[in-house]
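The values are calculated or read from the model by the stated rules, or taken from the named source; none is laboratory data. All values derive from a computational prediction rather than experimental measurement. Every residue, glycine as well, gets a Cβ built from its backbone with ideal geometry; the counts of neighbours run over all protein chains shown.
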Amino acid sequence: MVFMKRLTIVFVIIYLLVISYLLLFFFVKPFQDFIIDIRKNVAGITEGSNYLWALLISFVICFLGSASIGFPVPFPFVLFTLSNSVYLRYLGQLLTLNQVLASPNFWFEILGLSILGGLGSALGEFSGYIVGFGAKKFAETKNSDLLKNIDGFGKLILRNKKRTPLYVFLFALTPLPDDILFLPLGLIKYPIWKALIPGWLGKNITTIFYCCWPILIAMGLLATGADTSDFSSVITEAIMLLFTITIMFFIIGFDWNKYLKEREQKKNKDVKKDVKITQK
């Protein structure tokens, strides 16, 4: 398929860019120092009145991350940076990790970023549904391999309609690209209200996780006797981005219509065998 070749080229370029970034970070000391210096200066991003801007950034970037069609906006890393800014600011007050965790104000700021981010994500993820809903006629009249393939993925999801809300929740909960799910839901005109609640719940949980990520890393390193470092954070973020891109490439590139056809043929053969056995 033509779209598959183009898709492969696009994703190979993305992979090469991320890998090049990691290689530069590992082996080019000036570049590594530059990236780490940038991360050390993030504490002021959420300080004072800047926190209101941080809330707006959290909402907008999560909305764009969920609303983007065909390319994952790395909103988890923005949430990580914002929450890490809050964490570093409290550490700058000469507080220990335990004292930071015991501070109600700290958790109030973290939850603020999480809830606004979750709201932006919940609103943004339905853009894929709207696009898919409008693309239904286009897919029927045009020979679009990509739309037909996505439509096949949607049919696979709806083979058991009772599980569809669970799939929506899981896609919202994990780094899986939401538009890959909501595009086919729009194509098959799945009731939007049935996806709203599980999508909102999943997004809130995932934004809370991303905002707590700096704390989780600090607690994990503390448990092993190591110190939190910007070096490990940069590597973790890059790995997370590669994982997200890989999942998205698999879902878009896999021939779901062919899979459904082969599955249906196998099911029919099994039914025929059962009928023959019963007749004997």
Val42 at pLDDT 80 or above, surrounded by 14 or more Cβ atoms within 10 Å (Cβ to Cβ) and farther than 30 Å from Lys258 by Cα: no
Any pair with Cβ under 6 angstrom, 6 or more apart, that starts in region 102-131 at a residue that is under 16 Å from Ala195 (Cβ atoms) and in contact (Cβ under 8 Å) with a residue 60 or more places away in the chain and ends at one that is among the charged types (D, E, K, R) and outside any helix (DSSP H, G or I): Glu125/Asp178
Selection count, region 166-200, where residues are touching a Lys or Arg at 6+ places or on another chain (Cβ under 6 Å) and modelled with pLDDT of 75 or more: 1
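Conditions (1) modelled with pLDDT of 85 or more; (2) surrounded by fewer than 23 Cβ atoms within 10 Å (Cβ to Cβ); (3) basic (Lys, Arg), marked per residue:
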{"position": "Asp37", "(1), (2), (3)": "no, yes, no"}
{"position": "Tyr51", "(1), (2), (3)": "yes, yes, no"}
{"position": "Phe59", "(1), (2), (3)": "yes, yes, no"}
{"position": "Thr96", "(1), (2), (3)": "no, yes, no"}
{"position": "Asn105", "(1), (2), (3)": "yes, yes, no"}
{"position": "Leu111", "(1), (2), (3)": "yes, yes, no"}
{"position": "Leu123", "(1), (2), (3)": "no, yes, no"}
{"position": "Gly132", "(1), (2), (3)": "no, no, no"}
{"position": "Ala135", "(1), (2), (3)": "no, yes, no"}
From the options Phe209, Phe243, residue that is modelled with pLDDT of 70 or more, under 30 Å from Phe27 (Cβ atoms) and in a helix (DSSP H, G or I): Phe243
